Structures are given as structure tokens and as C-alpha cells.
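First the structure, in the form of C-alpha cells, and then the observations on it.
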Amino acid sequence: MASQCQLDSVLQKCTSLICMKLLQAHLITTGKFQCHPFRSKLLELCAISPAGDLSFAFQIFRRIQTPSTNDWNAVLRGLAQSPKPTQALSWYRAMSRSPQKVDALTCSFALKGCARALAFFEATQIHSQLLRFGFEADILLLTTLLDVYAKTGDLDAAHKVFDNMHKRDIASWNAMISGLAQGSRPNEAIALFNRMKEEGWRPNEVTVLGALSACSQLGALKHGQIIHAYVVDEKLDTEVIVCNAVIDMYAKCGFVDKAYSVFISMSCKKSLVTWNTMIMALAMNGDGKKALELLDQMVVDGVDPDAVSYLSALCACNHAGLVEEGFRLFDMMKGRGMKLTVKHYGSVVDLLGRAGRIKEACDIINSMPMLPDVVLWQSLLGACKTHGNVEMAEMASRKLVEMGSNNCGYFVLLSNVYAAQQRWHDVGRVREAMKIKDVRKVPGFSYTEIDGKIHKFVNGDQSHPSSKDIYAKLDEIKFRIKSYGYAAETNLVLHDIGEEDKENALNYHSEKLAVAYGLIKTGDGTPIQVIKNLRICVDCHLVIKIISIVYKREIIVRDRARFHRFKEGVCSCRDYW
DNA sequence: ATAGGGTTAG
């Protein structure tokens, strides 16, 4: 009989399905299948290795007379990481009914399946089971549990698990930090990162990824710089994935040049994501030409562009108004048989629509191999508003209604299309529909970082400690910009309120509050940086342009789609967005 | 001996 280490080496060399099948046949013919520990190893290999095959793993499993916990776990783990993670949950239930004991690993794999299947309810069930089994001191398992709660959207439950852990290791911190960052609570992610350092932990590459992502979301440059310095000190920048996050952080904080210098001087090999991140960074800043250059350069560097690369390049053409280039790119992607997603189509429709080529945009929609989604109809509607195409606007709105979209944005757009044509009766009709349908507004908010502290403002916000000063500043702004011939574009506000109130509703958009606060708190000549969750509105865009002259300030606003750099009365988007 | 935390996207 072969020794254990020979068997191990056999398994190590077993990198194809054929080889696994031969091994199984060998075990069966030599009668070693039922009692051999080697069999469990083989089963695990089939179930979880990339060369393996789950249906063959099932075949092996079915032949086992009395499957051990390990045998059950191997298949469970394979299912949890498969494209159909819900199957892991039925497997777990089957195992719970079997005579074999469920162990901590079983729970861990089942939870992994919950995370991938976004099965919150099942996760709570496994949670109570693992407490009953007495696994509550297992920090690896609790970290998995915490991670599942975060990924399935219950950050409070995740935090509770984290807080109650009697002992934590670095992965527990990492799971909590990245959970907060991914779950739109980036402020708390940064706070927890700082607390971790205060408690004497040494963040590793995974920690900084979460923290950097939080900085990117918030445009928190000061925090981002501190983390970058830490990354360099700890030599974490030998990992390409960390460099990518640093590049993205600088880009999303408005420092494309810094992002580019990190991109150029990084010591490790650039990955596909590195190139994509940099192309997207240039796209967001309206540098379409350079983005297209990078798309060519990556090929020279031996990296094949993927669907995200092309999407980023398309997006770059979009923001730079490079209509022909974008259109050619799109044709080329089709020619190369790239797998196009609804996002690619959305981008091209936006590209054509903004350029006023609405008919062509519509033809693209009709030729799409998949169903157009809400975002796509919305951008067509936006184009109709800009170019005054009532007929097409009505068509797009009908589609949006059919899709049950309840977002206030498109009602406002449609009403604006009518308002521009002085069709007041139709404006009233839309307004009525909004009331009946109980249209939900996505709350707009903005961030600005002052001395390393992030301030958040929502529309009409009065909760900020400096609220009084901010509103006084806004009055002053209103007064000073009037002499530049500014008049509020109140037809953009869709409420049953009087003209003066409409003006106020516009006046107190979150980005205006953030800019006003920046003017108060920072010295003359300091650029003001604002991050906004939605697209900037026409009125704010105009007001901030004038502010940049009157107050001689550079103001940088990152909205949902791109950067706007306001300087001396002009915006880098050239009013094309 | 077998487990947990991870960057890009209209």
C-alpha cells in the first residue's frame, strides 16, 4: 500500500477531471473506495478545485455508503462557491436531517452560500443553530457570520456580532470595515479603521482596500493620503490590488494627476483592473483623448481589454463629447464579438442622445438583444428634455411607467419637457400623477472634507451646527450673483408651491450648502471640493459657475457621473453632461 | 490537516 505522502503527491498532480475519474475508478476496482480517507480528499478536490466538476462530485458522494461530515462538507463547500449558491442551502438542510454531525466548518460553508445567495433569513437561522451547537467562541466562524450580515444588507446585525466577539483577529476587523465601506456607510468605515489603529492593530492589505474604498466614496482626500502614506511605509504597494485602490482613491478625490503618477510609477505589474481604473478616472474628468490612448496602450502592454475597459472608454467619449469616436468604438466591440451588457448600450444611447441624435439612439434601443432598463429610458428622456423632443419623451415616459419606475427624476424630466413647450395642462397632469403614485424622491446629499473632517448635507438641511452661518452665506451669495444676471431656473422644481418657495427649494440643494460651508470655512484661494450622490442640476451648475468668478474660487464637484471643475466662470464639462 | 476579510462599471 502506498504511503500517505505518495497519495498526497498523486492528488496534487491530479489537475484534470479525467485524472479524478481515473483515480475514482482505481479506488473502486481495488475495493478501497468505502474505507479509504483518500476518497474524501478526492471528493473535496472534485467539489472545489477549478478543474473539478460538481456533478461528478455528486456521483462520488452517492456511492459512499456512510458519508462522513467531511464528505458532506466537501460538497457543501463546492456548492457554496458555485454559480448556484442557493443549492448549498438545500444541501445544508439535507445534511441537518442526516445522522452525520454538523460541525463549525459546515456552518461556515453554509454561511458562505448565504452570502453569495444574499439569503439573509437563512443566515439568521444558521446563526441561531451555531449558537445552539456551541460554536459561539469560534472567531473564524463569527467573522464569516458578520460578513454575511454585512453582505446581505444588515450592517447593524453585523456590527452587533462584531461588538460581541470576545476576541477578534485582523480578518474580523477587515470584514467589518469593508462591510461598512461596501454598505454605503463609508464614514463609519474610516472611523473604525482609525479605531483599529488606535487599538494597536497593524492594518494589512485587505484592511487598506476597505478603507481606501471608503475614502473614494467620500472624496476624503486627507484620510486617503494618510492611508497612502501608510501603504508605502508598510510596503503594501507591492500588491497590484492595493495600487489599484490608491489610484481609484486619488481619482475619485479629484486628483487625476496624482492618480496618474501612481499609475505610472507603480512597481508591480499593472493588471486589467489597473488599466480599467485609470481609464475610468480619465473618463470622469472628461479627458476622453487620453482615455482612448490608454485603451491602445494596454494592448501594447499585453493586457487584453475586457467589457469594463470598453465601457470606461465609451464613457470617456461620452463625457468628452467624442461622438464619432464613441460610436466607432461601439461598432468595433460588436465586430470583435465582445459580450455587450445593457450598460454598454446605455452608454451609447446617452452618447447619441446628448449629441441630439435621438432617432439613432432610439434605433439602438430597438436593436438591443436584451430588454432596455430604467436607466436607459431615463437617459433617453434626459436627452429629449435637452433637445426638446416631446414625442420621444412621451414614449420614454410610457416605458418608465410600464416598468413601474417610481423615481421622481423622470416625472420632473417629463414635466420639464412640457414646460419648455408651455404645455401647462400637461405639466399639471404629470404633477397630479406624481401625487397619486406617491412618488419617492431619492434624497440628494453632498459631502465636503474640511480639515480632514467629512461634513454631510442633505437638501434643505438645517441640522448642521453652523446651519445659521451657512444660510446667511447663501443669502449673501444670492444677492451677489444677481448682479451677474442670474435668475433661478424655477421650472425645474416640481412642487405645488409658490414661486418664492420654488426658488428656495433650489437654493438649498445639498451641493449649494456644501459650497457655502466651504466658502465660510476655508481661506481665500483654497479650492472647494464637493461630492454629490446624484447628478448636479442645471441651476446649481449655473450658480456655482458664477460663484467661481465672484468669490475667485476653484470649485470641484464630483456628481454621480463625473467631475465638474468650476474656475473663472467656466466648467470643465463645457456644460455638456 | 480541512474555514473567515479584497480593487474597476451607464
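Quick check on the exposure proxy: order A:HIS166, A:HIS36 from fewest to most C-beta atoms within 10 angstrom.
On the way: A:HIS166 8, A:HIS36 14.
Starting with the residue having the fewest Cβ neighbours, the order is A:HIS166, A:HIS36.
Mind giving me the nanometre distance, one decimal, between the label points for A:CYS408 and A:ARG195, set 7 Å out from Cα along Cα→Cβ?
In this crude spin-label approximation the distance works out to 3.4 nm.
Once both labels are modelled 7 Å past Cα along the beta-carbon direction, what's the A:LYS21-A:ARG574 spacing in nm?
6.1
Return the distance in nm (one decimal) between the two label points of a simple spin-label model at A:ASP156 and A:ASN204, each offset 7 Å from Cα along Cα→Cβ.
About 3.2 nm, to one decimal.
Given a Förster distance of 35 angstrom, what is the FRET efficiency for A:ILE170 paired with A:SER267, based on the Cβ-Cβ distance and rounded to 0.05? Working shown, then result.
Values: r = 24 Å, r/R0 = 0.70.
Calculated transfer efficiency: 0.90.
May I ask you to derive the FRET efficiency for A:HIS387 and A:LEU140 from their Cβ-Cβ distance with R0 = 45 Å, giving the value to the nearest 0.05? Let's see the in-between values first.
Numbers: r = 58 Å, r/R0 = 1.28.
It comes out at approximately 0.20.
May I ask you to derive the FRET efficiency for A:GLU554 and A:LYS359 from their Cβ-Cβ distance with R0 = 56 Å, giving the value to the nearest 0.05? Each step should come with its number before you reach the end.
Details: r = 39 Å, r/R0 = 0.70.
E(calc), rounded to 0.05, equals 0.90.
Give me the number: length gained by fully extending A:THR30 to A:ASP301, i.e. 0.36 nm times residue separation minus the C-alpha to C-alpha distance, one decimal in nm.
Working: separation 271, 0.36 × 271 = 97.56 nm, distance 5.23 nm.
Computed gain between A:THR30 and A:ASP301 is 92.3 nm.
List the trypsin sites (Lys or Arg not before Pro) in region A:255-322 that DSSP assigns to loop (not H, G, I, E or B) and whose Cβ has at most 13 other Cβ atoms within 10 Å. Which are they? Intermediate results must be reported in sequence, preceding the final value.
Values: sites: A:LYS258, A:LYS269, A:LYS270, A:LYS289, A:LYS290; in loops: A:LYS269, A:LYS270.
When the trypsin sites (Lys or Arg not before Pro) of region A:255-322 are filtered for loop state and at most 13 Cβ neighbours within 10 Å, A:LYS269 remain.
Give me the distance between the Cα centres of region A:261-288 and region A:301-329, rounded to whole Å.
14
Quick check: residue separation of A:ASP373 and A:VAL10 times 0.36 nm, minus the Cα distance between them. What number comes out in nm?
Details: separation 363, 0.36 × 363 = 130.68 nm, distance 5.10 nm.
Here the segment from A:ASP373 to A:VAL10 would lengthen by 125.6 nm.
Among A:SER312, A:LEU192, A:PRO50, flag the residue with its Cα farthest along the positive direction of the charge dipole of chain A, charges on Cβ as +1 for Lys/Arg and -1 for Asp/Glu.
Going by the Cα projections, it comes out as A:PRO50.
Neighbouring Cβ atoms within 10 Å as the yardstick, rank A:MET249, A:MET266, A:MET20, A:MET332 fewest first.
Working: A:MET249 31, A:MET266 18, A:MET20 23, A:MET332 11.
Final ranking by Cβ density, sparse to dense: A:MET332, A:MET266, A:MET20, A:MET249.
Hey, what number do you get for chain A at 222 nm if only DSSP H runs of n ≥ 4 count, each worth -39500 (n - 2.57), divided across all residues, to the nearest 500?
On the way: 30 runs with 375 residues, N = 577.
Value at 222 nm, helices only: -20500 deg cm²/dmol.
What is the Å³ per residue value for the convex hull set by the Cα atoms of region A:1-81? Mind showing how you got there, number by number?
On the way: hull volume 6.7 nm³, N = 81.
Measuring per residue, one finds 83 Å³ for the Cα hull of region A:1-81.
State the answer as a single residue: which of A:LEU400, A:LEU414, A:LEU380 lies farthest towards the positive end of the charge dipole of region A:341-442, with beta carbon charges of +1 for Lys and Arg and -1 for Asp and Glu, about the Cα centre.
Going by the charge dipole, the pick is A:LEU414.
Once a ≥ b ≥ c are taken as the square roots of the eigenvalues of the Cα gyration tensor of region A:341-442, is the result rounded (a/c under 1.5), prolate (a/b larger than b/c) or oblate (a/b not larger than b/c)? Could the numbers behind the result be given before it?
Working: a/c = 2.34, a/b = 1.42, b/c = 1.65.
Because a/c hits 1.5 or more and a/b fails to exceed b/c, region A:341-442 counts as oblate.
So if each residue of separation counts as 0.36 nm, and I subtract the Cα-Cα distance between A:GLN421 and A:LYS101, what length gain in nm does that give? Mind dumping the intermediate values first?
Details: separation 320, 0.36 × 320 = 115.20 nm, distance 7.21 nm.
Contour length minus Cα-Cα distance gives 108.0 nm.
Rank these for me by crowding, A:SER312, A:SER446, going from fewest to most other beta carbons within 10 Å. List each step's numbers first, then the result.
Details: A:SER312 24, A:SER446 29.
Fewest to most other Cβ atoms nearby, the residues stand as A:SER312, A:SER446.
Trypsin sites (Lys or Arg not before Pro) within region A:150-255: which are DSSP loop residues with at most 11 other Cβ atoms inside 10 Å? The partial results should precede the final answer.
Working: sites: A:LYS151, A:LYS160, A:LYS167, A:ARG168, A:ARG195, A:LYS197, A:LYS222, A:LYS235, A:LYS252; in loops: A:LYS167, A:ARG168, A:LYS235.
Qualifying residues, ordered by number: A:LYS167, A:LYS235.
Identify the trypsin sites (Lys or Arg not before Pro) of region A:73-145 meeting these criteria: DSSP loop state and at most 13 other C-beta atoms within 10 Å of the C-beta. Please list the in-between numbers first.
Details: sites: A:ARG77, A:ARG93, A:ARG97, A:LYS101, A:LYS112, A:ARG116, A:ARG132; in loops: A:LYS101.
Within region A:73-145, the qualifying trypsin sites (Lys or Arg not before Pro) (loop, at most 13 other Cβ atoms within 10 Å) are A:LYS101.
Quick one: check the C-alpha center-to-center distance for region A:38-102 versus region A:176-245, whole angstrom.
37
Compute the angle between helix A:358-367 and the longest alpha-carbon principal axis of chain A, please, reported from 0 to 90 degrees and rounded to the nearest 10.
20
For a bin width of 5 Å, list the pair-distance distribution of region A:202-319 built from all Cα-Cα distances, rounded to whole %.
Reading the bins upward from 0: 2, 13, 23, 24, 19, 12, 6, 1, 0.
Given chain A, what whole percent of its Cα pairs are spread farther than 35 Å? Present the calculation step by step, with values, prior to reporting the outcome.
Values: 85890 of 166176 pairs.
Pairs farther apart than 35 Å: 52 percent.
No value in this document is a laboratory result; all are computed from the given coordinates. Just so it is clear, the structure is predicted and the values come from calculations on it, not from any experiment. Positions of Cβ are backbone-derived with ideal geometry, glycine not excepted, and every protein chain shown enters the neighbour counts.
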